[in-house]
Every structure is written in C-alpha cells, then in structure tokens.
1. Would you point out the residue of the range 31-66, among those that are among the aromatic types (F, W, Y) and over 10 Å from the mean Cα position of the chain (by Cα), that is farthest from D21 (Cα to Cα)?
2. Tell me whether the range 67-90 contains one or more residues that are in a helix (DSSP H, G or I), within 12 Å of the chain's Cα centre (by Cα) and modelled with pLDDT under 90.
3. Looking at (1) at pLDDT 90 or above; (2) assigned to a helix (DSSP H, G or I), which one does L57 not meet, given that it meets all the others?
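The values are calculated or read from the model by the stated rules, or taken from the named source; none is laboratory data. Remember, predicted model here, so these are calculated numbers, not experimental data.
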Amino acid sequence: MELLFANRLDDVSASIAVHLDRGGQPARAVPFLERAAAVATRVSANEEAIWCLMYALSLLEASRHHFEAALLAYDEAHPRRSTLSSDLGVFAHAWYAHALWLLGDEAAALYHAE
C-alpha cells in the first residue's frame, strides 16, 4: 500500500495504519498514525489528530508487552538471525526503545537503545 500511494501518503496514512494493524504489524502502523496526526493538526482537524495519537499510543502499549516477552526469551549467547541476517535481539531492543521513548519513558528508552 505504501508504494501504491507513495504520492498521496498524507491523504492515506491513517488508512495504511489501520491496514497494517489489522494485518498484524502494529509497530509499522505507528509512524503512519504519527504522520496522519501531523496532517490533521495542520488543517485544524484536532479530533482526528487526537484519535490518531491515541490509537498510536494503544499500539505502542500493546507492542511494549510483545517486545518485553521477546527480550526475556532472547539468549545473547546464542543469537538468532532473521532472514535478512539481522540479530532479532538487537531488533527487539531497538523497537522497544522506540516504543518506550514515544510512551514518555526516556530513561528506559535510552537504556534499551544502548
């Protein structure tokens, strides 16, 4: 969808976010909700902006628990790689840090970002 609407992302960001969330990719939905909220704010659609940000916060809060579980299961002595050769533990730490930062927990975000 992102490629299909690349020239109109401001117009369809909220729809893409909902699609990603329903497709099981809530972490990928958050940046689209942030973009949709920014667009709504620019045109004084404050209720829509609040809805987008509240939706994003709910996804981040839900994602937080998934990342915590992934980090508890991660064995640094035996790292697992994704199909793109990324260390899944590093990936989980990065996304968890991002979620914590957006949720306002700066100290925990900085800890997990290192």
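1. The extreme case among them is W51.
2. Residues of the range 67-90 in a helix (DSSP H, G or I): 67-73, 88-90.
Narrowing the set further to residues that are within 12 Å of the chain's Cα centre (by Cα) leaves 67.
From what's left, modelled with pLDDT under 90: 67.
There is at least one residue in the range 67-90 that is in a helix (DSSP H, G or I), within 12 Å of the chain's Cα centre (by Cα) and modelled with pLDDT under 90.
3. (1)
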